[in-house]
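Right, one structure below, let's go through it.
Every number in this text was worked out from the coordinates using simple rules, so none of it is lab data. As the structure is a prediction and not an experimental result, all values here were calculated from the model. Neighbour counts run over all protein chains shown; Cβ positions are idealised from the backbone, glycine included.
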Amino acid sequence: MGRLENKVGIVTGAASGMGEATAKLFAQEGAKVVVADINMEGAKRVVAEIEAAGGIALAQYVDIGSPEKIEEMVLAAKNEFGRLDILHNNAARLDFKGDVDVVGMDVFEWDETMRFNLRSVLLGTKYAIPVMLENGGGSIINTSSMGGLVSELGKSAYAAAKAGVISLTKSTAVQYGKQNIRCNAIAPGMVLNESVVEHAPEPLRKLIDIYTDVKCTPRIGNPMDIANLAVFLASDESAFITGQVISADGGLLIKNPAVAEIQKQNLSW
């Protein structure tokens, strides 16, 4: 408790999933939290639950496709709480139907994916840093993805945008590190709420089984796995860590790709 005492943080996409878990844990650790989302009903629910647990939070509408709304979000933190110490650029957009292979890619879908998943991170960072500098610095945490580190059969635009988030994270860390701004990225790999897993339709259930099989851990991720890492990166415990991309994927990407098949066939070197 108290790892984020006296800090003010913004979490985008905080009405559900990883963002909700992170906003609640930030508040539990002492931060005042701006719960930002396009889903205001969900954001208000999260704020009510934070306040019921003794925390302090503000529900703030944000459309991450809109520069004006992103700037309003940052100013809301300053106006309501007087400062800004933490920004978690977490919200994203993913269209499984339109975001396909590079030949079949719809150009509009490409542009929209870049607007919501990469430009939004730039804008959040752009507007947050000046406010953070007023109080001596801060920590920016960007949600990337394992898709930003490796390629997949589809989701070409999403993967490119998340790779861009990684590059932008490093640029931010280099450009503002001397001014006490840290910037790191989290790269999750299949993270789902328990309720989603329990009620997964058959196609998703098959994917969950595949991912569970190839991870080094015996399960897929849940939102608290990301929230715990975000709290560490937001806190002074990570004061000497910046420009890093930390995979929170249960060891999904660390293996020789042949390991899973070798294990299935009970082979050894």
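One quarter of the convex hull surface built on the alpha carbon atoms of the stretch 205-269 amounts to 6.3 nm², the projected area averaged over directions. Rounded to 0.05, the FRET efficiency of the MET105 and LEU253 pair, given R0 = 30 Å and the Cβ-Cβ distance, is 0.80.
Each of ARG93, ARG219 has some number of other Cβ atoms within 10 Å of its Cβ, and from fewest to most they run ARG219, ARG93. For the Cα trace of the chain, dividing Rg by the Kirkwood Rh returns an Rg/Rh value of 0.98.
For the stretch 252-260, 3J(HN,Hα) computed residue by residue from phi via the Karplus equation (6.51, -1.76, 1.60; θ = phi - 60°) reads 4, 9, 8, 8, 4, x, 7, 4, 4 Hz, glycine and proline entered as x. Determine the shape class of the stretch 113-253: with a ≥ b ≥ c the square roots of the Cα gyration tensor eigenvalues, call it rounded for a/c under 1.5, and otherwise prolate if a/b is greater than b/c, oblate otherwise. Here the stretch 113-253 falls in the prolate category.
Cβ crowding within 10 Å, taken as a proxy for footprinting-reagent exposure, orders VAL46, VAL245, VAL33, VAL11 from fewest neighbours to most as VAL245, VAL46, VAL33, VAL11. Of the chymotrypsin sites (Phe, Trp or Tyr not before Pro) found in the stretch 85-185, the ones in coil according to DSSP and having at most 12 other Cβ atoms within 10 Å of their Cβ are PHE96.
Distant-in-sequence amide contacts of ILE246, defined by a placed amide H-H separation under 5 Å and a gap of 5 or more residues or a different chain, comprise ALA185, ILE186, ALA187. Taking each of LYS162/LYS206; LYS170/LYS206; LYS78/LYS215 in turn, the alpha-carbon distance tops 31 angstrom for LYS170/LYS206; LYS78/LYS215. Shape class for the stretch 1-142, computed from the alpha carbon gyration tensor (a ≥ b ≥ c): prolate, with a/c not under 1.5 and a/b above b/c.
The label-point distance for ASP95 and GLU237, in a model that sets each label 7 Å from Cα toward Cβ, rounds to 4.0 nm.
FRET efficiency for the SER151 to GLN175 pair, using the beta carbon distance and R₀ = 22 Å, is estimated at 0.20.
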